[in-house]
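Following: one structure in structure tokens, then a few remarks.
The values are calculated or read from the model by the stated rules, or taken from the named source; none is laboratory data. Just so we're clear, the structure is a prediction, and the values are computed from it rather than from any experiment. Positions of Cβ are backbone-derived with ideal geometry, glycine not excepted, and every protein chain shown enters the neighbour counts.
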Amino acid sequence: MLIRTHTCGELRESHVGQTVRLNGWVNSYRDHGNLIFIDLRDRYGVTQLVFDLEDATSAGVQAAEAGDKHAHTGMMGLADKLRNEDCIGVEGCIRVRTGGENPKLPTGKVELVVTRLEVYSKTDNPPFLPDDLLELPNEELRLRHRYIDLRRPSMQKVLATRSRASMVTREYFHANGFLEVETPVLYKSTPEGAREFLVPCRNVPGSFYALPQSPQLFKQILMVSGADRYMQICRCFRDEDPRADRQPEFTQIDLEMSFVRREQVMEMMEGFVRHFWKQMCGVDIPPIPRMSYRDAMEHYGIDRPDTRYDLRTRDVSDLAARTDFKVFRDALEKGRDRPRFNSRRGVVKALRVPGGAEKLTRKITDGYSDLAKRFGAGGVATAKFVPDPAGAKFDTGCAKFLEPLRAEFVAALGLEPGDTLLLIADTYAVATKAIGELRQQVARDMGLIPPPGAEGGPWNFLWVVDFPMFERNKETGKWVAMHHPFTAPRDDQRDQFVQADVNDDDAIESIVSAGYDIVLNGSEIAGGSVRIHDRAVQSKVFQLLGLSPEQAREKFSFLLEALGYGAPPHAGIAFGFDRLIMHLCGTDNIRDVIAFPKTQIGQDLMTRAPSPVPEAQLRELHVRSTWDPEAAKARQGVGNAGSAPAP
Ligand code: ASP
């Protein structure tokens, strides 16, 4: 093997005259008769190689006389057969490029005149070439041959970014006294929120480990253990339904601190965000603004507002109640005795779209109704606000219902001629969610999302705080913890919470937690909370979540016991590491930032996991599969059963 002296990204004019060795893959191949040009690629770059029949002769002859098996003629014969993606090593002398400089390459001033060649391995015919300039083949093919896909320079850059990001992360937290502690991957099944992956245990028949959704309870127990400040870059596992930006296993930067309240955690994490962005992008992040959950829902219809554009949603229930529009009036009848902001109380939410009258065609606004329906609303009422000889007036859609209150709508919403008004009437929960989704779609349609700048920004960070402790699960109707069941109520809410009647829905819904999220450009990059360190509060949470004292003991005895042995006040947070990298690399596809990702239905197309296992292996694990492929085929229709799922 020709052990390399340099990498393919390293050689410059200062190396001219030196004899060097490079290793890498054939990136391109051009045969000009007496000359063969090869671009040799490794992780660091590309260098032009020249196999020059004239120039190489003397060196080749010398080598041949010395009995070298790579002597000139043999070498030219081998070079002649090289093809893209063959893996080779070369030795030769660096000279100034004779054919002129290639300004696009950092190594573009020089070339290596090859005097020795060793072919390490020839390639089979590659299914595609790892070239970022060519149109990418479909993702399925790339995932299947990930080793080729990862050779693309842009993927190599992702790997390097990820690696650097973990180093920068550790650097900050280690400098701040955090201990890196590994926690188990074979864990206990605990109802923490998401569905779990289970692992059957051979030695304890009928028992299962669960893969951790996060090391939440271990990190809390580490605080009880006196670790004081913990960090880990760890893998988390959630068996969730397919979503484009989710993976069944993903990476978190997991953190916990003792003897702190919310403020200290927020300060430490802002420091981290600043350090991280400075190191990774050279950008100074200003202090991160804060917004309450309620304001986020009121003005953006979502708990992770994208503040890169200034579209705001408004509650116009009071005005809408005075119109003759039945849709509004019916919606406002819902839960009218419930408190304001209660999820089941009727509201009418409005979104003013400046300049929308021209851009948002009927076809587009019809699409908005479909979108709103997907989120449970009846549809979207629209009206244009158009110039008129007498000033401006509502036109089209629900205009006739708004016209009598025109001046008041104009004053409330700051309407200007040329605007479009979009309105959704439903319960607070439904209307808020639907208008929030609509706001994002409108931003895309109106071209309001700023394109990335030179350093990848704009970076609009936001803390969202004061979340409700609980929400009702849409399917089961049961209370679930909005963050997780170990999140404490905000300090001023503790007594109210402990005293709340578990059957008083409105009271439970109004309890505010000590949770906090960091949002970046509309995506949640971190979430955490002050934890419960008091058994009475923890038991009440379990009771609300429908766990009997026996069930709570069975699932969480270790936590409840630990809390009884001098638990310090503690709080923490976790950053979605993959999400951070997605932001840095400017991609919406989480699979682009993970070396070996899974498809949306959790398949690894390269290794073909998951896969059936032999019956004997199942028996050893005391597991019997009830899966019946024939019955499944009959249920799905034969055509569907075998078709490949999308990544
Ligand atoms: N364990 C939480 C999660 O994975 C984060 C935290 O509260 O620290 O979302």
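A count restricted to the range 375-400 and to residues that are more than 43 Å from the chain's Cα centre (by Cα) and either at positive phi or surrounded by 14 or more Cβ atoms within 10 Å (Cβ to Cβ) (or both) stands at 4. Checking each residue of the range 277-284 against the condition of being more than 30 Å from Leu547 (Cα to Cα), more than 16 Å from the ligand (Cβ to nearest atom) and aromatic (Phe, Trp, Tyr) gives at least one match. One residue stands out among those in the range 474-508 that are in a strand (DSSP E or B) and of a type in the set (A, V, I, L, M): the one that is surrounded by the most Cβ atoms within 10 Å (Cβ to Cβ), which is Ala481. Contact annotation: residue pairs with Cβ atoms under 6 Å, 6 or more positions apart or on different chains, pairing a residue in the range 207-224 that is near the ligand (Cβ under 9 Å from one of its atoms) with a partner that is of a type in the set (Lys, Arg) and assigned to a loop (DSSP other than H, G, I, E, B), are Gln213/Arg238. Restricting to the range 443-501, and then to whatever is in contact with a Leu (Cβ under 8 Å, 6 or more places away or on another chain) and within 19 Å of Phe542 (Cα to Cα), can you tell me which residue is farthest from the ligand (Cβ to nearest atom)? Per the criteria, the residue is Lys478. Taking His622, is it farther than 30 Å from Ile233 by Cβ and touching a residue at least 40 places away in the same chain (Cβ under 8 Å)? Yes; evaluated as a whole, the condition is true for this residue. Among the residues of the range 236-265, just one is assigned to a helix (DSSP H, G or I), more than 13 Å from the ligand (Cβ to nearest atom) and touching a residue at least 40 places away in the same chain (Cβ under 8 Å), namely Gln264.
Only one of the numbered conditions (1) hydrophobic (A, V, I, L, M, F, W, C); (2) without any contact (Cβ under 8 Å) to a residue 24 or more places away in the chain; (3) in contact with a Pro (Cβ under 7 Å, 6 or more places away or on another chain) is not met by Val512, and that is (2). Picking from residues in the range 526-580 that are crowded, with 20+ Cβ neighbours inside 10 Å and among the β-branched types (Val, Ile, Thr), the one that is farthest from the ligand (Cβ to nearest atom) is Val541. One residue alone among Gly60, Gly89, Gly100 is out of contact with any helix residue (DSSP H, G or I) (no Cβ under 9 Å at 6 or more places or on another chain) and modelled with pLDDT under 95, and that residue is Gly100. Taking first residues from the range 402-421 that are touching a residue at least 24 places away in the same chain (Cβ under 8 Å) and more than 22 Å from Arg439 (Cβ to Cβ) and partners that are surrounded by 16 or more Cβ atoms within 10 Å (Cβ to Cβ) and hydrophobic (A, V, I, L, M, F, W, C), the Cβ contacts under 6 Å between residues at least 6 apart in sequence or on separate chains come to Leu405/Leu319; Glu408/Leu319. Against the condition surrounded by fewer than 20 Cβ atoms within 10 Å (Cβ to Cβ), under 28 Å from Phe178 (Cα atoms) and among the aliphatic types (A, V, I, L, M), how does Met266 come out, does it pass? Here the answer is no, as Met266 does not meet what is asked.
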